[in-house]
Amino acid sequence: MERRRRRIVGAATELLSEHGVEGLSVDQVAARAEVSRRTVFNYFHSTEELFIAVGNEILRDVVDSLKVGRTPAPAGTGTHAALFDDLATLLRSTDLLGAMIRLTQVLGPMGHQDTRVLAIARDTVLSVSDNLTETAVQRHPDVPPLDVELLVSSLLGGLMVLHKHWTERTGLADTPETRQLWSDLFERLIVQVRDGFLALG
């Protein structure tokens with residue numbers, strides 16, 4: 001069953017890359033995946049649900065890399081400063097930019113007015129947010145969970161803004177120069193969020 005679901009998601013990903021959200025139909029996905037239309041709806045109750053699954057699949061490696069146990073907990077856990085530094089390190093260690101480039105190429109630019117695209121972007125960011133929050137709470141149990149959630153949401157909301165500006169300036173070109181631009185923007189976000197967050201501690 002999982003293999004068939006993956007085949008459907010893979011077919012949808014390919015078709016989205018070829019035709020975009022507007023040009024995709026369930027019949028096309030079923031034909032590409034070599035299943036019936038009914039089978040597609042057995043796994044996904046709507047095209048929106050299928051698109052969200054595509055977004056989650058694209059970001060799966062990023063989400064998995066943020067789960068507990070993939071990296072050792074840092075020394076000095078329990079303080080707001082340690083939490084912030086830990087999350088910044090975790091985000092730096094993932095290829096978040098590469099995943100977001102792929103997501104944008106498949107779905108269209110972030111900020112697209114199609115509600116389906118917005119739902120996919122929101123859901124995939126929430127997936128990352130949930131895993132990052134879970135990781136942070138377990139690694140820093142002495143920091144209030146509300147503070148953890150506030151920090152994670154601030155960082156990920158900021159990353160969405162950075163991605164929009166990065167895309168406008170680079171046209172999604174993935175080069176050493178554009179990656180350096182992303183790194184510079186990320187560090188700017190880190191400085192701004194850090195100052196506000198550490199005032200809570």
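The values are calculated or read from the model by the stated rules, or taken from the named source; none is laboratory data. Remember, predicted model here, so these are calculated numbers, not experimental data. Glycine gets a Cβ as well: all are built from the backbone with ideal geometry, and neighbour counts include every protein chain shown. Quick note on the areas: whole protein, heavy atoms, side chains included, nothing else; ligands and nucleic acids left out. Shrake-Rupley method; radii C 1.70, N 1.55, O 1.52, S 1.80 Å.
When Lys and Arg each count +1 and Asp and Glu each count -1, what net charge do the other residues less than 10 Å away from L83, Cβ to Cβ, add up to? All intermediate terms of the calculation are to be shown ahead of the outcome.
Numbers: positive: R139; negative: D85, D86, D142, D147.
Cβ neighbours under 10 Å give a net charge of -3.
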*Roughly speaking, to the nearest percent, how much of the chain's 1.4 Å accessible area is carbon and sulfur?*
52 percent
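Mind pulling the per residue volume of the convex hull built on the Cα atoms of the range 25-69? Å³ is fine.
Hull volume normalised by residue count: 92 Å³.
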*Which ³J(HN,Hα) values in Hz, rounded to whole numbers, follow from the phi angles of the range 173-187 under the Karplus curve 6.51 cos²θ - 1.76 cosθ + 1.60, where θ = phi - 60° and Gly and Pro get x?*
5, 9, 10, x, 5, 6, 5, 5, 4, 4, 4, 5, 5, 4, 5
*For the range 126-191: accessible area per residue (Å², 1.4 Å)*: 51 Å²
*Per 10 Å bin from zero, what fraction in whole % of the C-alpha pairs of the chain is there, up to the bin with the longest pair?*
8, 32, 31, 20, 8, 1
